[in-house]
Amino acid sequence: MKIKQIESFIVRAPIDSNKVYWGAGYWMADPNQHPGLPDGHPGDITTEYPPIWRLRPIYTRDLACAVVRIETDTGLVGWGEAHTPVAPEAAKATIDALLAGIVLGRDPLDIQPIWENMYSSMRMRGHSTGFLLEAISGIDIALWDLAGRALGVPISTLLGGRVRDRIPVYASSLPRVHARAGEAGYQGLADLARSLVDQGYHAFKVKLGIDIEQDRHSLRVLRKAVGPDVRIAVDVNGAYDLAQARLAGRMMEEEGAYWLEEPLLPENWRGYAELAASLQIRVVAGECLFNRWQFNDYFVAGAVDAINPDVGRAGGISECKRISDLADTYGIPFSPHISIGSAIYMAASLQWAAAGANLNMCEWPMDVSAIGNGILKRPFQFEGGAIRLDETPGLGIDIDEDKLRHWQVKVTS
């Protein structure tokens, strides 16, 4: 069995009910106005550290990703996805111009040597993260899907065996509240949290990181809305310097938050080590890290209490399984990070989670039906705060290719 074709294409779809993705709605509405501050307040305060313009990522207003389709000379097809919330064209170009030539003609079961060949292709030129690893992720996921389909077993079986067939998930993410929204904004947040609990979630994540007392109010409103037993995780997307992170972390401890995610910029692993040593709340990082060597630096430094690697970003299933196994030797649990993307990316995360002894819980997007359940012949089975897996080979999903292709971006030359 040999790989005869590798196709990559871009998918772009609206979020449920044509809503805007929270990142675009929050950060991109007015690039000159800090959304956490009242109207009329200067947007870029030069005395702040870190300055707000360092923390302003680019977001699109919809769901976008680069999909990979690999076909063998026996007619088997495997699906993969590169997590690319912005500029999926870059991952597609990397696949088409660099990686496809490495993979074509190979035995699709040679997953590890193929991964090493792809990674080594640009290693001496300093490309160990970013678009290259996202592109590798897409191909790697497709190879695992092919392997499972060829052997008639789920990917989790090939990863050493399924530890669980119910993957606990948390809803992600409740948005930050604009200062200008006032108390009505907080009540809207509370209503959304209650609706998640009514759906069966036992945990959810909220975006904070603007003002400590404003964030305290958000947590109190949420706790009152959902009661004492629901886990409330907090993500601040690198909003703090070390001193701010300590103050915010202690406030979150007082308010019963479950974890503090991405408190500092990802380059500052020394700051993470100091922070983790000074707080009782779990310090979580990993969505902005791309390979086992980066994670190992964090582990050796004692910089995290838990990690959340992204299977569509950190080298695919192959590298993420190595990362989570490495974390287990340090007694560190993992929670797969799932941002915006398709059912392929979500299913890959579930298969990895099913095979990980040190799983905590898996992130689960709230608004992805167009290219989530919307492209599946059978929807994901959510019940009691978990996704139930069956014995479907490979990724464990049956993709309706026509529905997926409906969202394909037509490329004109």
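Which pairs turn up if I take residues in the range 173-195 that are of a type in the set (Lys, Arg) and surrounded by 15 or more Cβ atoms within 10 Å (Cβ to Cβ) and look for partners that are at pLDDT below 90 and not in a helix (DSSP H, G or I) with beta carbon separation below 9 Å, at least 6 apart in sequence or on another chain? So the pair list comes out as Arg176/Pro35; Arg176/Gly36; Arg176/Ile210.
Please verify whether Leu98 is farther than 30 Å from Asp398 by Cβ and at pLDDT 95 or above, treating the condition exactly as stated. Yes, satisfied. Residues that are surrounded by fewer than 18 Cβ atoms within 10 Å (Cβ to Cβ) and out of contact with any helix residue (DSSP H, G or I) (no Cβ under 8 Å at 6 or more places or on another chain) were ranked within the range 53-73; the one that is modelled with the lowest pLDDT is Trp53. Just one of the numbered conditions (1) outside any loop (DSSP other than H, G, I, E, B); (2) β-branched (Val, Ile, Thr); (3) within 21 Å of Ala82 (Cα to Cα) is not true of Ile338: (1).
Which of the residues belonging to the range 79-129 are closer than 30 Å to Ile15 by Cα, out of contact with any helix residue (DSSP H, G or I) (no Cβ under 6 Å at 6 or more places or on another chain), in a helix (DSSP H, G or I) and small (Gly, Ala, Ser)? Result: Ala93, single match. Looking at the range 65-78, which of the residues that are in a strand (DSSP E or B) and among the charged types (D, E, K, R) is nearest to Ile139 (Cα to Cα)? By that ranking, first place goes to Arg69. So which residues in the range 345-392 are modelled with pLDDT of 95 or more, part of a loop (DSSP other than H, G, I, E, B) and more than 25 Å from Ile10 (Cα to Cα)? Passing the criteria: Ala355, Gly356, Ala357, Asn358, Asn360, Met361, Gly385, Leu389, Asp390, Glu391, Thr392.
Of all residues in the range 231-250, those satisfying the criterion of being at negative phi and surrounded by 21 or more Cβ atoms within 10 Å (Cβ to Cβ) are Ile232, Ala233, Val234, Asp235, Val236, Ala239, Tyr240, Ala245, Ala248, Gly249.
Restricting Ser318, Ser324 to those that are out of contact with any Pro (no Cβ under 8 Å at 6 or more places or on another chain), modelled with pLDDT of 95 or more and assigned to a helix (DSSP H, G or I) reduces the list to Ser318.
Looking at the range 107-127, can you tell me whether even one residue there is of a type in the set (Phe, Trp, Tyr), in contact with a Lys or Arg (Cβ under 8 Å, 6 or more places away or on another chain) and at pLDDT 95 or above? Checked the range 107-127: no residue is of a type in the set (Phe, Trp, Tyr), in contact with a Lys or Arg (Cβ under 8 Å, 6 or more places away or on another chain) and at pLDDT 95 or above.
Test Val300 against the criterion of being surrounded by fewer than 24 Cβ atoms within 10 Å (Cβ to Cβ), under 17 Å from Glu267 (Cα atoms) and among the hydrophobic types (A, V, I, L, M, F, W, C), and give yes or no. So Val300 passes the test.
The values are calculated or read from the model by the stated rules, or taken from the named source; none is laboratory data. Keep in mind the model is a prediction, meaning the values are calculated, not measured. Heads up, the Cβs are rebuilt from the backbone with ideal geometry, glycines too, and the neighbour counts pull from every protein chain shown.
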